[in-house]
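Colleague: Structure in structure tokens, see below.
Values quoted throughout were computed directly from the atomic coordinates according to the rules given, and no laboratory measurement underlies them. Small disclaimer: the values here were computed from a predicted structure and weren't measured. Quick reminder, even Gly has a Cβ in these numbers, built from the backbone with ideal geometry, and neighbours come from all protein chains shown.
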Amino acid sequence: ARVLVADVGEHSPHRQSVSLYIFAAPAPSNQTDGRSFQHLVVRYRAGAQNCEAVAVDVKNRRILLLGKSALAGNMYQVSLPDRFASSGGNDVTQIEATAVPIRKTPIPMATGMDLCPKSGDLWISSYFHAFCYPDNKGKTLQARLQSAPNVVALPSLKQVEAIAIDDKNRVWVTSEGKPARMQRVLIEK
């Protein structure tokens with residue numbers, strides 16, 4: 001398993017690139033110093049973008065980035081690099097990448113994104129709602145993004161900033177602030 005850390009927030013048009021860091025995930029009982037990793041230097045073709053929502057699509061070997069704007073955001077993709085072999089020292093591999101546009105989405109103020117590991121559903125959070133694009137088998141992500149998502153109300157939190165789906169298909173969100181509260185999203189069936 002690997003861990004992705006994203007430094008992608010963009011509130012200034014002067015930032016020329018964003019960074020994605022990929023680390024080997026240590027076993028819970030092991031310690032690591034985090035000195036070996038892949039550093040993806042990502043540029044957008046159209047220039048700087050405001051982005052807070054990032055997800056890894058392991059099945060299709062890509063990293064998804066969703067722009068944050070008041071009305072709609074652009075979905076981009078970057079290829080997920082192959083695993084690297086670390087010698088145990090300070091191994092940093094830098095990879096230059098260009099974010100390729102997939103499609104504009106009608107999601108305002110996207111703050112988080114995750115793919116369900118079991119169902120393949122794509123979940124996106126904003127400050128007030130969660131949006132689900134179900135994995136309709138056989139449809140590409142671009143085709144799925146053309147349809148209207150399922151809209152789900154979020155728990156009452158200060159400012160939802162992240163969304164995650166666990167291995168039991170439960171959807172969780174967390175907020176800004178101290179303490180950063182985490183709550184489960186209740187989905188009506």
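Colleague: Would you compute, from DSSP H runs of 4+ residues alone, the mean residue ellipticity of the chain at 222 nm, taking -39500 (n - 2.57) per run and dividing by the full residue count, rounded to the nearest 500? Intermediate results must be reported in sequence, preceding the final value.
Modeller: Values: 1 runs with 4 residues, N = 189.
-500 deg cm²/dmol, from helical runs alone.
Colleague: What order, most packed first, do the peptides 91-97, 155-161 have when packing is the mean number of other Cβ atoms within 10 Å of each residue? Show your work: numbers first, answer last.
Modeller: Values: 91-97: 13.1, 155-161: 15.4.
Listed from highest to lowest mean packing, they are 155-161, 91-97.
Colleague: As a quick test, which of the pairs 104/139; 158/178; 68/139 have an alpha carbon distance above 21 angstrom in this structure?
Modeller: Values: 104/139 17 Å; 158/178 10 Å; 68/139 25 Å.
Checking Cα-Cα distances, 68/139 exceed 21 Å.
Colleague: In square nanometres, what is one fourth of the surface area of the convex hull spanned by the alpha carbons of the chain? Each step should come with its number before you reach the end.
Modeller: Values: hull surface 47.8 nm².
Orientation-averaged projected area of the Cα hull: 12.0 nm².
Colleague: May I pose another question? Report, by chain and number, residues whose modeled amide H sits under 5 Å from the one on residue 53, excluding near sequence neighbours (fewer than 5 apart, same chain).
Modeller: Those qualifying (amide H under 5 Å, at least 5 residues apart or on another chain) are 66.
Colleague: Separate question: Once amide H atoms are placed 1.01 Å from N in the peptide plane, what residues at a sequence separation of 5 or more from residue 105, or on another chain, have their amide H within under 5 Å of its amide H?
Modeller: Excluding prolines and chain starts, which carry no amide H, the hits are 73, 74, 75.
Colleague: If R₀ is 41 angstrom, what is the calculated FRET efficiency for the pair residue 2 and residue 151, using the beta carbon separation as r and rounding to 0.05? Present the calculation step by step, with values, prior to reporting the outcome.
Modeller: Values: r = 31 Å, r/R0 = 0.77.
Between residue 2 and residue 151 the formula returns 0.85.
Colleague: Another question about this same structure. Quick one: Karplus J couplings for region 56-62, per residue in order, coefficients 6.51, -1.76, 1.60, θ = phi - 60°, nearest Hz, x for Gly and Pro?
Modeller: 3J(HN,Hα) across region 56-62, in whole Hz: 9, 9, 5, 4, 9, 6, 8.
Colleague: OK, next. Any idea what the dipole of region 132-182 comes to, in debye rounded to 20, about its Cα centre with Lys/Arg Cβ at +1 and Asp/Glu Cβ at -1?
Modeller: 80 debye
Colleague: What is the gain in length, in nm to one decimal, between residue 29 and residue 41 on full extension, counting 0.36 nm per residue of separation less the C-alpha to C-alpha distance?
Modeller: 1.2 nm
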